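In what follows, a structure is listed as structure tokens, so that the remarks can point back to it.
The values are calculated or read from the model by the stated rules, or taken from the named source; none is laboratory data. Because the structure is predicted, anything quoted here is derived from the model rather than measured. Don't worry about glycine lacking a Cβ; one is built from the backbone with ideal geometry, like all the others, and counts go over all protein chains shown.
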Amino acid sequence: MNPIDRRPRRTGVLALLLALAPLSFAQDRAPADAAAGTAAIGEVAAGPATGDAWIDATLLDIDRYAARHRDAFIDELVRYHGTPRALAAELLAGEAAWSAGELYFACALGRVSGRPCRTVANLRERAPSQPWSEIAAQVGAAPGSAPFKRLRTEITASYRRWARPLPDGD
């Protein structure tokens, strides 16, 4: 068969792949319980308690995203939040593994408050039952403050880079 005879077949395969692409994206938005069984990255059942319902919902969605795209998630933390790769991997896989949403929040909170992610993570590890809203206040980014409001901008930028629609919210 000469190359000209194969061209229509390749075009047909390409058209099929392009037609199936939205289905692949839709699967990425599957409920958390579908990904929970296969993911090494956990989800916080009670929610993050950041003091902002939209951020809480978004962090739970980040759990779902990171369960499917762990490397892209870690790259985001390293590249845009200044998180050491080893720290991200350690906290996601450690004995008391963090959810991806909590890790994202800790690193983004560090970024908007001018502190390293490790500093915020240490605060959380010292008091794991303390709400994130209180930790945010400790680092000068209490809910309602200008640094806390910048968290929404950070989250929106991450979603844009991931080409992922933001969860519905206020």
Is there a residue being touching a residue at least 40 places away in the same chain (Cβ under 8 Å), over 20 Å from L166 (Cα atoms) and surrounded by 15 or more Cβ atoms within 10 Å (Cβ to Cβ) anywhere in segment 118-126? no
Condition check for Y80: surrounded by 15 or more Cβ atoms within 10 Å (Cβ to Cβ) and touching a residue at least 60 places away in the same chain (Cβ under 8 Å): yes
Among (1) over 12 Å from the mean Cα position of the chain (by Cα); (2) hydrophobic (A, V, I, L, M, F, W, C); (3) surrounded by fewer than 16 Cβ atoms within 10 Å (Cβ to Cβ), the one test that V139 misses: (3)
Find all pairs meeting these conditions: Cβ atoms under 6 angstrom apart; at least six residues apart or on different chains; first residue within segment 88-111 and more than 18 Å from D61 (Cβ to Cβ); second residue assigned to a helix (DSSP H, G or I) and not aliphatic (A, V, I, L, M). G110/C117; R111/H81
Hits in segment 152-170 - residues which are among the hydrophobic types (A, V, I, L, M, F, W, C), modelled with pLDDT of 95 or more and surrounded by 15 or more Cβ atoms within 10 Å (Cβ to Cβ): I155, W162
Tally, over segment 84-97, of residues that are within 21 Å of A127 (Cα to Cα), surrounded by 13 or more Cβ atoms within 10 Å (Cβ to Cβ) and not small (G, A, S): 4
For the condition part of a loop (DSSP other than H, G, I, E, B), under 16 Å from A66 (Cα atoms) and touching a residue at least 24 places away in the same chain (Cβ under 8 Å), what is the one hit in R115, R164? R164
From the list A108, A100, which residue is aliphatic (A, V, I, L, M), surrounded by 17 or more Cβ atoms within 10 Å (Cβ to Cβ), in contact with a strand residue (DSSP E or B) (Cβ under 9 Å, 6 or more places away or on another chain) and at pLDDT 95 or above? A100
Which residues, counting only those in segment 144-170, are over 23 Å from F73 (Cβ atoms) and within 20 Å of the chain's Cα centre (by Cα)? K149, D170
